[in-house]
Every structure is written in structure tokens, then in C-alpha cells.
Amino acid sequence: MLASRGMPSGTPKPPVTHLSQAFPDRVEVRGRDLCGNLMGRVGFTEYVCLLLTGEEPTEQQRFFLDLLLVSIAEHGLMPTNIAARMTLAADPGSLQGAVAAGILGAGPVLLGTAEECAKLLETGQARVLAGAEPATVARELARESLDAGGKVPGFGHPVHRPTDPRAERILVLADERDVAGPHVRLARCLHDAVASARGRPLPMNVSLPIAAVLLDLDFPSSVVRAVPILARTAGLLAHLAEEQQEPLGFLLAAAAEHVVAYEVDARA
């Protein structure tokens with residue numbers, strides 16, 4: 001009893017972590033022996049799932065978590081990668097600082113709106129479970145977002161038109177592997193609803209299928225945002241490895257000087 005250990009009864013339970021603990025002879029992670037049970041048995045994707053959820057993934061969960069990480073790890077010279085490269089150019093010894101610079105600049109415009117998509121799909125699915133038809137719910141969600149002056153998350157892309165090939169591939173594999181469930185169905189209804197509400201089609205970008213598939217595979221919505229962050233970290237590391245061999249950071253800075261004109265403010 002707590003009282004027998006010098007703690008009065010009724011004392012609040014001390015804070016705990018369920019992740020891991022290092023002991024002199026072993027490391028324990030989520031109740032498993034790191035060296036004796038995990039290393040050499042599970043892959044990194046499975047390990048990420050265990051860390052995030054406390055459970056090892058099913059084969060379908062592992063397959064699609066792998067797929068989604070691959071789908072968004074790299075997308076060219078995006079501002080996040082440019083920021084990381086320029087940071088490393090300015091401080092070649094600070095690899096971790098350059099990675100941090102890239103991640104800090106990875107907001108929803110560049111990292112994607114998967115978390116917002118997950119919240120939208122959960123809101124919509126709650127209405128479906130209450131008895132509404134998915135197509136009706138999709139029209140309501142699209143109209144509510146647009147009436148509020150915003151955009152429907154998961155739609156539109158500056159490069160991929162009329163379709164985002166990554167989104168299409170995710171949905172094809174979800175169908176082929178028979179994991180497309182109510183959230184994927186609602187995402188497809190949203191595609192039609194957004195086109196109708198706006199009067200023209202918009203590409204479904206990769207964020208909506210990411211959220212829909214993860215939810216249909218019973219991942220908690222709290223995991224959805226972690227997937228793009230983890231994926232883009234791998235991409236950043238690749239850009240920085242290349243930056244060390246083929247420096248671009250200062251060239252990118254010089255290019256900005258040529259593109260942006262300097263003008264004296266008339267108020268000066």
C-alpha cells in the first residue's frame with residue numbers, strides 16, 4: 001500500500017510513461033525487450049506503429065503505413081528542403097539543426113492537411129452512423145467549409161492536375177487489398193461534392209486518402225499527423241546528404257537575389 005511506503009493514502013498517482021525504460025542489462029520498449037524481442041524481428045515501420053500506438057501492426061496496417069510513408073517522403077525542392085539545405089550551407093556541422101529547420105517550416109501548406117482531413121472524415125462518419133447517407137453528408141461538409149470562407153482540406157494541388165497520382169495509387173491499393181471502408185467511401189463522396197459545390201473539379205490530393213485509409217485501418221486520428229512528419233524527415237535527410245556532396249544552399253540563396261527585385265520604399 002502507498003501508506004506503507006511513506007505516502008499517505010489518497011496521494012495522487014505519480015505520472016507515468018508507457019513508452020520505455022533503460023535498465024543496466026536491457027532496454028524495455030512498450031513492455032518488450034528491445035534486444036531480445038524487437039531487434040532483428042520487426043522492421044522500422046512495425047516499430048513506429050508499436051511506438052505510436054502501443055501495439056504491433058497487422059499485415060494490412062504495416063503494408064499501408066509503409067505505403068503512405070513512401071508516398072510523401074520526397075517531393076523535390078520544396079521550401080522545407082530549401083530551408084534545410086540553406087541552413088546546412090550556413091553551418092555545415094549542424095545536421096540536426098538543418099533537419100530541425102526543415103521540420104519547423106513544414107506547416108499544413110507543405111506537409112499536407114492529413115490531420116484536418118481526419119477530423120473532417122470523423123465528423124462526417126459520425127453523421128453517417130447517425131443515419132445520414134454518405135453522399136448527403138459529403139455535400140453538407142463541402143458546403144459548410146466553403147460557406148465558412150475556407151477550403152475543404154484534401155483538395156487542390158499546385159502541380160498535380162487533374163489528379164494527384166499518389167492519391168490515385170493509394171485508393172487503388174486500398175480497393176485491391178480490400179481495406180477501403182466507410183472513411184474511404186466518404187472521401188470519394190467528398191470528391192464529387194466539392195466539384196459540385198465549386199462548379200468545377202478539384203484534384204483530391206494525397207492528404208485525404210492518407211487520412212481515410214489510416215482511419216479505416218483503425219489507426220487513431222492522433223497518428224495521422226505523425227505520418228507526414230516522419231516521412232518528410234527521411235526526405236530532408238536525403239536532401240542534406242546530397243547537400244554535403246553537391247552543395248546547392250548558397251546557389252539557392254543567390255537565385256533568390258536574382259528573382260526578387262529591390263526597391264526603395266517611397267515612404268523612406
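The values are calculated or read from the model by the stated rules, or taken from the named source; none is laboratory data. Keep in mind the model is a prediction, meaning the values are calculated, not measured. Cβ placement follows ideal geometry from the backbone for every residue including glycine, while neighbour counts extend to all protein chains displayed. Only protein heavy atoms, including side chains, enter the accessible area calculation; ligands, DNA and RNA are left aside. Shrake-Rupley method; radii C 1.70, N 1.55, O 1.52, S 1.80 Å.
Looking only at residues in the range 52-79 that are open to solvent by 60 Å² or more (accessible area, probe 1.4 Å), in a helix (DSSP H, G or I) and of a type in the set (A, V, I, L, M, F, W, C), which one is farthest from ASP218 (Cα to Cα)? For the range 52-79, the residue satisfying everything is VAL70.
Among residues of the range 49-71 that are at positive phi, those with a Cβ under 9 angstrom from a residue that is assigned to a loop (DSSP other than H, G, I, E, B), sequence gap 6+ or separate chain, pair up as GLY54/HIS18; GLY54/LEU19; GLY54/ARG30; GLY54/GLY31.
The residues of the range 143-190 that are modelled with pLDDT of 95 or more, over 21 Å from the mean Cα position of the chain (by Cα) and open to solvent by less than 40 Å² (accessible area, probe 1.4 Å) amount to a single one, CYS189. Per this entry, VAL172 is counted among residues that are without any contact (Cβ under 8 Å) to a residue 24 or more places away in the chain, closer than 21 Å to LEU214 by Cα and part of a helix (DSSP H, G or I).
Given the condition over 30 Å from ARG32 (Cα atoms), among the small types (Gly, Ala, Ser), modelled with pLDDT of 95 or more and open to solvent by less than 20 Å² (accessible area, probe 1.4 Å), answer yes or no: does some residue in the range 109-117 qualify? No, the range 109-117 contains no residue that is over 30 Å from ARG32 (Cα atoms), among the small types (Gly, Ala, Ser), modelled with pLDDT of 95 or more and open to solvent by less than 20 Å² (accessible area, probe 1.4 Å).
Residues in the range 23-39 that are touching a helix residue (DSSP H, G or I) at 6+ places or on another chain (Cβ under 9 Å) and either outside any loop (DSSP other than H, G, I, E, B) or loosely packed, with under 10 Cβ neighbours inside 10 Å (or both): 6 in all.
GLU140 satisfies every condition listed in (1) open to solvent by 40 Å² or more (accessible area, probe 1.4 Å); (2) modelled with pLDDT under 95; (3) not basic (Lys, Arg); (4) not in a loop (DSSP other than H, G, I, E, B) except (2).
Just so you know, in the range 191-228 the residues that are of a type in the set (A, V, I, L, M, F, W, C) and in contact with a strand residue (DSSP E or B) (Cβ under 8 Å, 6 or more places away or on another chain) include one that is surrounded by the fewest Cβ atoms within 10 Å (Cβ to Cβ), and it is LEU202. So which pairs qualify, if the first residue must be in the range 226-238 and closer than 16 Å to PRO108 by Cβ and modelled with pLDDT under 95, the second must be aliphatic (A, V, I, L, M) and open to solvent by 30 Å² or more (accessible area, probe 1.4 Å), the Cβ gap must be under 7 Å, and the two must be at least 6 apart or on different chains? Note: pairs meeting the criteria are ALA226/LEU52; ILE229/ILE103.
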